[in-house]
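These notes are about the structure you will find just below.
Laboratory data are not the source of any read-out in this text; all were calculated from the coordinates shown. No experiment lies behind these values; they were computed from the predicted model shown. We place every Cβ from the backbone using ideal geometry, glycine too, and count neighbours over all the protein chains shown.
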Amino acid sequence: MSTADLLAEVSLFALLDDQERALLAERVETVKFEEGQVVFNVGDPGDSMYVVTSGEVQLSVKTKTGEEMFLESPGPGEFFGEISLLDEGPRTASARCRSAVVAIEIDRGDLDELFRLKPAAAMDLLAATGRRLRHNAMVIRNAATRNANEEIADNRSTVMKVADWIAEFSGSLPFLFIHIGLFAVWILLNVKLLPIGGFDPFPFGFLTLVVSLEAIILSVFVLLSQNRQVARDKVRGDIEYDVNLKAEMQISNMHEKFDTMYSEVQKRLDRIEKRIPGAHVATDSLGPTPQA
């Protein structure tokens, strides 16, 4: 399929006639990306936008806590990277191919040619950009925080999983009852009350050695588990900070909205007061209050 035919399948170029699409097709380039390939990263120079003709691209950003936040997945007929092309700023998100992708690369000169041919295409581009910004803002605003326990558990090695299990079991009642039973049997066998035993007579030196070695080994596993708990507490502290910061920003946003609404109400009351001769409206409240 020719580049002109690919352009015909994209809504952004649907307003062009065949001759105009052919003219634009001579300027643009068709690029291909493999599955998993990075198209661009956050902060890269934004000198072009891409129109997907086949495949799917994943757009995402990383938060300051290291989380990768998924934004959207442009598919065939959709475009991405237009924000950096419009303002000539760095990329605001990372783009990675979820499958093999064929896309049309459009630079600023190609975009100028498109707008020269069909100025109405600029409104389509702005409308699509506005929808993307609105969607991304909603995703970021409603993003859930991390779970500290899941964050730590996902990164555990086999040794750390064993250490956690041993530390958890050593602090349980079954562990206590098992040891009480073993100690009772050991002592009964070595106090000469039974015809068998006597392999560790009082004061039970071998039992003392075994218990001491067990205490040393268990203490190491408990310390390993405690170190992991410290790491979990650190993650939990970072999450609580993020939650508080998000709440503070949303409260600040609510205050700004309220101040804007209050200002608009005051302006409307002022206009009403000027239109009605002899009427006095109290402007220190949200509603008009006639005064004698």
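If you look at the Cα atoms of the range 159-231, you get an Rg and a Dmax of 15.8, 54 Å.
Here L193 and V220 are evaluated by their C-beta separation; at R0 = 30 Å the FRET efficiency comes out at 0.25. Packing around the peptides 158-168, 212-222, 74-84, taken as the average count of other Cβ atoms within 10 Å per residue, puts them in this order, highest first: 74-84, 158-168, 212-222. Look at the dipole of the range 148-275 built from charges on Cβ: of H255, L213, V159, the Cα furthest out on the positive end belongs to H255.
Taking amide H atoms as placed 1.01 Å from N in the peptide plane, the amide H of T53 lies under 5 Å from those of G77, V102, A103, I104, each 5 or more residues away in sequence or on another chain. Can you figure out the FRET efficiency of R134 with D270, using R₀ = 35 Å and their beta-carbon distance, to the nearest 0.05? Step by step, r from the Cβ atoms, then E = 0.65.
Note on the range 18-109: Rg/Rh from Cα positions, Kirkwood definition for Rh, rounded to two decimals, is 1.00. Packing, as the average of other Cβ atoms within 10 Å across residues, places the peptides 233-246, 255-268, 19-32 in the order 19-32, 233-246, 255-268, highest first. For the range 234-245, the Karplus equation 6.51 cos²θ - 1.76 cosθ + 1.60, evaluated at θ = phi - 60°, returns couplings of 5, 4, 4, x, 5, 5, 4, 5, 4, 5, 5, 5 Hz by residue, with Gly and Pro reported as x.
Using only alpha carbons, the range 148-275 has a radius of gyration to Kirkwood radius ratio (Rg to Rh) of 1.53. A simple charge model with +1 on the Cβ of Lys and Arg, -1 on the Cβ of Asp and Glu and nothing else charged puts the dipole of the range 148-275 at about 280 debye relative to its Cα centre. Here's how it looks for F40: its modeled amide H is under 5 Å from those of A95, which are all 5 or more places away or on a different chain.
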